[in-house]
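Q: First, the structure itself, so that you have it in front of you.
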Amino acid sequence: MAIPNTMSGVYLTGHGGPEVLEWREDIPVPKPGPGQVLVRVAAAGVNNTDINTRVGWYSSDVTGATDTVEQDVEAGGWGGALHFPRIQGGDLCGIVEMVGEGVHFSPGQRVTCPINLPRPRPGHPRGFVALGSEIDGAFAQYCLVEADDLYDVSTSPLSDVEVAAIPCAFGTAENLLTRAGVTAGQKVLITGASGGVGLAAVQLASLRGATVWGVTGAAKAKVVMSQGARATFDRSEPLPQDMFDVVIDVVGGPAWASLILALKPGGHYAVSGAIAGPIVQADLRDIYLRDITIHGCTHQSPEVFGRLVELMNSGRIKPLISCTYPLKDIAQAQADFQSKTLPGKLVLLPQGAIA
C-alpha cells in the first residue's frame, strides 16, 4: 500500500483546555531521513503527561494539581517552551512502513519506543527529549522515530493496544523501581496504585519478589490486589509509620509528609509525578535523621526499557486496559482519564486501526 502524502491526527495548538486539541486530516506525512523510521501508528496510550503538557502544568508558575491549572503559561512543556502545533502521544505501538538509509528495521515489523528518548549533550549527559513533547508523537496515523530509539515487539503475545499501554506507564514504573533498588523480600508502598503507572509498579514490583501495598480508593482496591498487591490503604486512611523499605510515588500533594514517615529508617522514596500537587512540605529531620534517600526519576537508561521489551516479548507483563477510543475522540478519552473512574489504561486508535 502506498504511503499517502497527508494523514489525520490531532494537533496541540497551544496550552489550555480540550479546545486546543485540533483534529486535522491534512497533516503532512513525514519522510524518514538517514537513521529514521516512519511508523504507522496502530495504537497510542493516554497518559497524565499528555494532559500535563496540554494544560502547561510543567511550568514552574503552576503550583497546584493537574486539574486546577487555570492561568496562561508560556513554557509548559517538559523541556520548557514548546513549538506549536505539536502532535502529542508518548505511547507508541506501530508498524514499520518506510526506513531511511542505514536502518536495521524492515517494513512490517511491529515496534515501540520509550517516551523518554536519551539525547546527551555537552554538559548534560542525562539529557533527553520526550516523544509528543519536544518531538511529534503518536496521536496521528504516522510517526517519525529515530531507529536507535525503537524496539522490535513483533514476537510479543500482547495486542497492539496492550503494547501501546506500556511505554509511559511501565517505563516510568520500572525506572522508579530500578532507581529505588527494589529487591525480593522488601516491603513496597505504591501511591496512585489504580492508575497506569501505579498498576504497572504493582505488577513489576511483585515480579521482583517484593511485597506490595497500594494506596487507592476503596472501589478500586480489588483491581490493585488482582495485579499483585497484598493489601491496600484508602487514600483517606492514615498510613503506618516505619513500615516500608520503599515508597513509589506519583501523587505528591498534602499527604507527602506521611509517605516519608511510612518509610523505615534507611528507606528509599522515588517520585515521578505529583498529580495531587507539586508543592509539598515535610520536616527535614524526618528525612536526614532517619537516613531517607529521595530519588527524582525522569531520565531512563536504555537498560530500563530493554528489560520491559524482554518482559513484553516473553508475555510476562500484561497491562490492564479499561477502554479504547477512536483518536478523533481524544477529548472524551482525556476527560474520562481525568475523572479517575476507570482503572489502568485508556488507549486511542488512529483512523484505520483496529482494536
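Q: Are there helices (runs of 4 or more DSSP H) fully within region 215-319 with at least 1 residues that are in contact with a Gly (Cβ under 7 Å, 6 or more places away or on another chain)? List them.
A: Those helices (runs of 4 or more DSSP H) span 221-226, 302-314.
Q: Quick test of your reading of the structure: GLY56 fulfils all but one of (1) surrounded by 18 or more Cβ atoms within 10 Å (Cβ to Cβ); (2) over 21 Å from the mean Cα position of the chain (by Cα); (3) of a type in the set (Gly, Ala, Ser). Name the failing condition by number.
A: (2)
Q: Can you find a residue that is in a loop (DSSP other than H, G, I, E, B), at pLDDT below 95 and crowded, with 22+ Cβ neighbours inside 10 Å anywhere in region 167-190?
A: There is no residue in region 167-190 that is in a loop (DSSP other than H, G, I, E, B), at pLDDT below 95 and crowded, with 22+ Cβ neighbours inside 10 Å.
Q: Another question, if that's okay. Give me the pairs, please: first residue somewhere in region 312-336 and modelled with pLDDT of 95 or more, second residue anywhere and in a helix (DSSP H, G or I) and open to solvent by 50 Å² or more (accessible area, probe 1.4 Å), beta-carbon distance under 6 Å, and either six or more positions apart or on two chains.
A: From residues that are modelled with pLDDT of 95 or more, the pairs are ALA331/PRO18.
Q: While we're on this one: Taking region 297-323, which residues are among the charged types (D, E, K, R) and closer than 17 Å to ALA44 by Cα?
A: The one that is among the charged types (D, E, K, R) and closer than 17 Å to ALA44 by Cα: LYS318.
Q: Exactly one of (1) surrounded by fewer than 14 Cβ atoms within 10 Å (Cβ to Cβ); (2) at pLDDT below 95; (3) not small (Gly, Ala, Ser) is unmet by GLN351. Its number?
A: (1)
Q: Let me confirm something: among GLY195, GLY209, GLY181, GLY252, which residue is without any contact (Cβ under 8 Å) to a residue 40 or more places away in the chain and under 21 Å from the mean Cα position of the chain (by Cα)?
A: GLY252
Q: While we're on this one: For region 81-104, give me the residue count where each residue is in a loop (DSSP other than H, G, I, E, B) and modelled with pLDDT of 85 or more. It would help to see each step written out before you state the result.
A: Quick first cut of region 81-104, residues in a loop (DSSP other than H, G, I, E, B) only: 81-85, 87-91, 100-104.
Within this subset, residues satisfying the condition of being modelled with pLDDT of 85 or more are 82-85, 87-91, 100-104.
Final tally of qualifying residues: 14.
Q: Assess whether ASP149 counts as being under 22 Å from the mean Cα position of the chain (by Cα), open to solvent by less than 50 Å² (accessible area, probe 1.4 Å) and of a type outside the set (Ser, Thr, Tyr).
A: In short, yes.
Q: Scan region 203-216 for residues that are more than 20 Å from PRO238 (Cα to Cα) and open to solvent by less than 20 Å² (accessible area, probe 1.4 Å) and jot them down.
A: Those that are more than 20 Å from PRO238 (Cα to Cα) and open to solvent by less than 20 Å² (accessible area, probe 1.4 Å): LEU204, ALA205, ALA210.
Q: Still on this structure, please answer the following. Please verify whether region 73-80 includes one or more residues that are open to solvent by less than 60 Å² (accessible area, probe 1.4 Å), modelled with pLDDT of 95 or more and not acidic (Asp, Glu).
A: no
Q: Okay, next question. Residue check, ALA200 against (1) in a helix (DSSP H, G or I); (2) open to solvent by 10 Å² or more (accessible area, probe 1.4 Å), all met but one. Which one?
A: All conditions are met except number (2).
Q: Then there's this: Among the residues of region 324-355, which ones are part of a loop (DSSP other than H, G, I, E, B) and not polar (S, T, N, Q)?
A: LYS340, LEU342, PRO343, GLY344, PRO350, GLY352, ALA353, ILE354, ALA355 - these are the residues of region 324-355 that are part of a loop (DSSP other than H, G, I, E, B) and not polar (S, T, N, Q).
Q: List the residue pairs whose Cβ atoms are under 7 Å apart, where the first residue sits in region 43-58 and is polar (S, T, N, Q), the second is open to solvent by 10 Å² or more (accessible area, probe 1.4 Å) and part of a helix (DSSP H, G or I), and the two are 6 or more positions apart or on different chains.
A: Going by the 7 Å Cβ cut-off, the qualifying pairs are ASN47/CYS168; ASN47/GLY196; ASN48/THR66; THR49/CYS168; ASN52/THR66.
Q: List pairs: first residue in region 264-288 and within 19 Å of GLY192 (Cβ to Cβ), second residue part of a strand (DSSP E or B) and among the aliphatic types (A, V, I, L, M) anywhere in the structure, Cβ distance under 6 angstrom, at least six positions apart or on different chains.
A: These pairs meet every condition: HIS268/VAL246; TYR269/VAL247; TYR269/ILE294; ALA270/ILE248.
Q: Does GLU134 count as in contact (Cβ under 8 Å) with a residue 60 or more places away in the chain and either open to solvent by 10 Å² or more (accessible area, probe 1.4 Å) or under 14 Å from the mean Cα position of the chain (by Cα) (or both)?
A: No: the conditions fail for GLU134.
Q: Related question: Do you know which residues across region 1-53 are among the charged types (D, E, K, R), surrounded by fewer than 18 Cβ atoms within 10 Å (Cβ to Cβ) and over 26 Å from HIS104 (Cβ atoms)?
A: Correct list: GLU19, GLU22, ARG24, GLU25, ASP26.
Q: If you don't mind, there's one more thing I want to ask. Here's a check for you: in region 244-262, which residue that is open to solvent by 40 Å² or more (accessible area, probe 1.4 Å) and of a type in the set (A, V, I, L, M) is modelled with the highest pLDDT?
A: From region 244-262, those open to solvent by 40 Å² or more (accessible area, probe 1.4 Å) are 254-255, 258, 261; that's our starting set.
Then drop every residue that is not of a type in the set (A, V, I, L, M), which leaves 255, 261.
Details: ALA255: 94, LEU261: 98.
Only one residue tops the list, namely LEU261.
The values are calculated or read from the model by the stated rules, or taken from the named source; none is laboratory data. These figures come from a predicted structure and were not determined experimentally. Cβ sites come from the backbone with ideal geometry, for glycine too, and all protein chains shown count toward neighbours. All accessible areas refer to the heavy atoms of the entire protein, side chains included, with ligands and DNA or RNA removed. Shrake-Rupley method; radii C 1.70, N 1.55, O 1.52, S 1.80 Å.
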